[in-house]
Amino acid sequence: KERLAVMWSEARILGLLRLFADYERLLAVEELAAKRGYVRTLLLVRADRISSELITGAGGERVLERILDSLDTGNLRSMPGALAFAACAAAECERDPAAAVAALDVVERWQPPRSALALLARSTRIGSARRAGRHDEARLMAHALRNDAEAAGNDRVRGSAERHLASIAIAQRRSADAKRHACAALSLLERYGTPIGLAVTRQIARRLAID
């Protein structure tokens, strides 16, 4: 198990350095975990692999079902953290809004409110509300998320909340607020963000003519 954990960590580091660089290693770890019967590791790595594949494209449908395919549901109840991780990963790349909400409900049912996964789930909900044009609702949720992430010391999610606030401000034509939030998001995500999250934030900054 320790060897698989190290291999998974190495794959994730590669994924942080370069998009798609982690896919083959994640698949290798997943196959080893399946062969040795390590269900928790299998679930975590499969969720990581599938979400990494889908999130950079057009997303997918029934993503959580795909991740959980062939796994014993009885076993899953004994590993709530792994199940919440898989649900959060699925929600981020799920095209069907109803399925995404259902996956996020799984996360929030199994995780403490200020845990890293619960905060990420809330960030995903904000993105869904924003894309649906519910900007006032999304703005309230983003402010609450930023405050809770700061209290929890989670700078990655705090940066994501600032990015949401920048996007909302752009949609509401509040250019000064948009620039302020985008600068805050860049400062945080350049240190703590994922490559995809940082790339999206830089796109927002370029749109706002922020160097």
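Working from Cα positions, state the angle (0 to 90°, nearest 10) between the long axis of helix 97-110 and the longest principal axis of the chain.
The angle comes out at about 70 degrees.
Against the longest alpha carbon principal axis of the chain, how many degrees, from 0 to 90 and to the nearest 10, is the axis of helix 195-207 turned?
Value to nearest ten degrees: 20.
Consider the candidate values [x] 49; [y] 39; [z] 43; state which one is percent of Cα pairs over 25 Å apart computed from the structure displayed.
Computing percent of Cα pairs over 25 Å apart and matching it to [x] 49; [y] 39; [z] 43 gives [y].
Students often get this wrong: which residues of the stretch 158-194 have the backbone nitrogen under 17 Å from the point 7 angstrom along Cα-to-C-beta of Ala144?
Correct set: 158, 161-162, 164-165.
Nearest 10 degrees is fine. How inclined is helix 23-36 to the longest principal axis of the chain, computing both from alpha carbons?
It works out to around 40 degrees.
I need the calculated FRET efficiency for the pair Glu137 and Ala28, taking r as the beta carbon distance and R₀ as 41 Å, to the nearest 0.05.
For Glu137 and Ala28, the calculated efficiency is 0.45.
When the accessible area of the chain is computed with all protein chains present and a 1.4 Å probe, what percentage of it is carbon and sulfur?
51
In Å², and per residue, what accessible area does the chain have when probed at 1.4 Å with the other protein chains present?
Heavy-atom SASA per residue in the chain reads 53 Å².
Which whole-number percent is the relative contact order of the chain (Cα, under 8 Å, 6+ apart)?
After rounding, I find 13 percent.
The values are calculated or read from the model by the stated rules, or taken from the named source; none is laboratory data. These numbers were taken from a predicted model, which means no experiment stands behind them. Methodologically, a virtual Cβ is constructed for each residue, glycine included, from the backbone with ideal geometry; neighbour enumeration extends over all protein chains shown. These area figures cover heavy atoms from the full protein model, side chains too; ligands, DNA and RNA do not enter into them. Shrake-Rupley method; radii C 1.70, N 1.55, O 1.52, S 1.80 Å.
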